[in-house]
Structure formats: structure tokens, C-alpha cells
1. Given points 7 Å out from each Cα along the Cα-Cβ axis, report the Glu213 to Lys191 separation in nanometres with one decimal.
2. For an R0 of 30 angstrom, estimate the FRET efficiency from the Cβ-Cβ distance between Glu180 and Tyr129 and round to the nearest 0.05.
3. For Leu146, what charge total do you get from the other residues with a beta carbon under 13 Å from its beta carbon, if Lys and Arg give +1 and Asp and Glu give -1?
4. How long is the gain from Phe231 to Glu59 if the chain were fully straight, where each residue apart is worth 0.36 nm and the alpha carbon distance is subtracted?
5. Whose amide H sits under 5 Å from the amide H of Val153, counting only residues 5 or more places off or on another chain, with H placed in the peptide plane?
6. Run the simple label-point estimate for Lys251 and His8 please: 7 Å along Cα→C-beta, distance reported in nm.
7. Within region 31-80, which chymotrypsin sites (Phe, Trp or Tyr not before Pro) sit in a loop by DSSP and count at most 15 neighbouring Cβ atoms inside 10 Å?
8. So which GluC sites (Glu not before Pro) in region 141-228 end up in coil per DSSP with only 16 or fewer other C-beta atoms within 10 Å?
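Bear in mind these aren't lab numbers, they're just calculated from the coordinates by the rules spelled out. Owing to the predicted nature of the structure, the values given are computational and were not obtained by experimental measurement. Heads up, the Cβs are rebuilt from the backbone with ideal geometry, glycines too, and the neighbour counts pull from every protein chain shown.
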Amino acid sequence: MFNLANSHRSIRAYTSENVDDELLNELLMTGLRSSSSGNMQTWSVIVTRDEAKKQKLYEAHYEQPMVLQAPLVLTFCSDVFRMREWIRVNESKQSFDDFLGFLTGAVDAVIAAQTICLAAESQGLGICYMGTTWWSADDIIEILGLPKGVFPVTSIVLGHPAEDPPLRDRLPLELLVHQEQYQILPDAEIKAAHAAREESAWARYNANEELREALAEAGITKVTDFYTSEFKYSKELHQRVSEMLVQTLQKQGLWL
Ligand SMILES: Cc1cc2nc3c(=O)[nH]c(=O)nc-3n(C[C@H](O)[C@H](O)[C@H](O)COP(=O)(O)O)c2cc1C
């Protein structure tokens, strides 16, 4: 288990080889075993194999080539619809159509997704999560026909790797782990703790010639500039997506 988890890499290039139904079913059954709030399992997953559907998801996922390459896209959803349907047919008192219901299902969904990812990797398959699930949540709801109470929280591509990338670096453990109480670092320690990441990430982004030129032209000189620039996660993007998410949560009956 340690070896498996410590050798994780996101895979962004896939062969055309299929993932057979039996293996997929075994992976999904393993996901089913995940912890969930109250054992209600308020998550669901949409399996996409169909090429026409994948084309639509490809567009929703900002044209990331791995969506078309990988044989499978799995969209994990927070799902209080199913629980509410059960309550409805039993004529019990309704609940869960609120932000807490959404959050409960979102955590359940992500836990199940990660269980499936590890199981898939243990079988030599590759995975990559897609944050574009949030950026296009409204379109994905449309494409996958998600009813009220269901909201996409994360997606993965799944398939046979066509690349063998190196391990990506991680921030020092001490930055993420606090003993008993949260520690706020002084500026000098913040700088020191991020120095290796600044160097590695900057080198990686600049290895792409097109991006290197664009960064130079935009006057971006360090990795933190890059993270919040129009090339990555700008404030404008965050504002626009955040507003869309609140509206879409409202539309799906999952706001206050
Ligand atoms: C929630 C989430 C969203 C992500 N979104 C994307 C994405 O849209 N495209 C992509 O290529 N990688 C995406 N990734 C993969 C990360 O870039 C990757 O996990 C990170 O750079 C560390 O690399 P590693 O997974 O190879 O160790 C995402 C990862 C997570 C957990």
C-alpha cells in the first residue's frame, strides 16, 4: 500500500486499449466499500465510454486531450437525489436539499473516487483528476442529465498509460502538518519552505517554449505570479466560476 501510494503520478497520455468491463466493475465495487457519511453513500458516478459523449465532455473539460484519448471518463457526483427519492417513496420527512447535503455528498464522492484511483493504479492503469469539472459544472450537468440534487464534484480519466512520467515533487511535510495547533509561519520561513517548489515548478513551466515566451511577454517572473495569472488560476476565473457554482447549486436545489 505504501509503495502504491508513494508511486502515484497523474497520467495524461493513454493508449487506445480498452479497460474491460469486468475490471471496471471490480474497481467500482471497491469504490462502493469506501466510508461514507451515515453509510448513506450520497454519491454516484457516471461512466462515459461513448465517443460522442466524450467529445462533449472534452469540450467541457477545456479540450484536455486525455479526455478523448483515455477509454473512460468517470464523473463523480454529490448525490442527494437518490436518498431523497428513497425518502419520498417511503413517505418519510424530507431533508438534504441544502448546502450541507451537497457537502456531505461531495466528501463521500471524493473518498470513493480516490479509492477507485488507488485500485486502478494497483492494476497498472493510469488516472488523472480534472478540476475543470468545477469550471464547467453547469455544462456537465446538462451533458450527463444530472437531476436536481446531483452535482459533479470531480472527474477522472482512466486507461492504460502511454507515458511514464517522473514523480512530481511535494511541499515539505511540516508545511501541511501541524502538531496540536495551527502554526503560522514568519515570512522568512515561508520563503525557505517554498524555495525548492519555486525552482522546480518554474523550471517545469519554462521547459515549454511557447509558455516560456508567453510568460516573458506578460512580465511573469516567478511561479506565484503564474498561479494567479490568466494562464492558470486568475482571480477573474475564480470569481466567474464561483458565481456560476453558486447559481448552479441553487438550480440543483443544493444551496441554503
Ligand atoms: C482536484 C484535482 C484537479 C485536477 N485537475 C487537473 C486538470 O484539470 N488537468 C490536469 O492535467 N491535471 C489535473 N490534476 C492533476 C494535478 O495537476 C496533479 O495531481 C498534481 O500536479 C500533482 O502531480 P501528480 O498527481 O502526478 O503527483 C488535478 C488534480 C486534482 C486533485
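1. Inter-label distance under the simple model: 3.4 nm.
2. Efficiency for this residue pair is about 0.45.
3. Details: positive: Arg82, Lys148, Lys251; negative: Asp79, Asp138, Asp139, Glu142.
Overall, the nearby charge balance is -1.
4. On the way: separation 172, 0.36 × 172 = 61.92 nm, distance 1.81 nm.
Length difference between fully extended and current span is 60.1 nm.
5. Long-range HN contacts for Val153: Phe76, Cys77, Ser78.
6. A separation of 3.1 nm, rounded to one decimal place.
7. Values: sites: Trp43, Tyr58, Tyr62, Phe76; in loops: Tyr62.
Answer in residue order: Tyr62.
8. Glu163, Glu180
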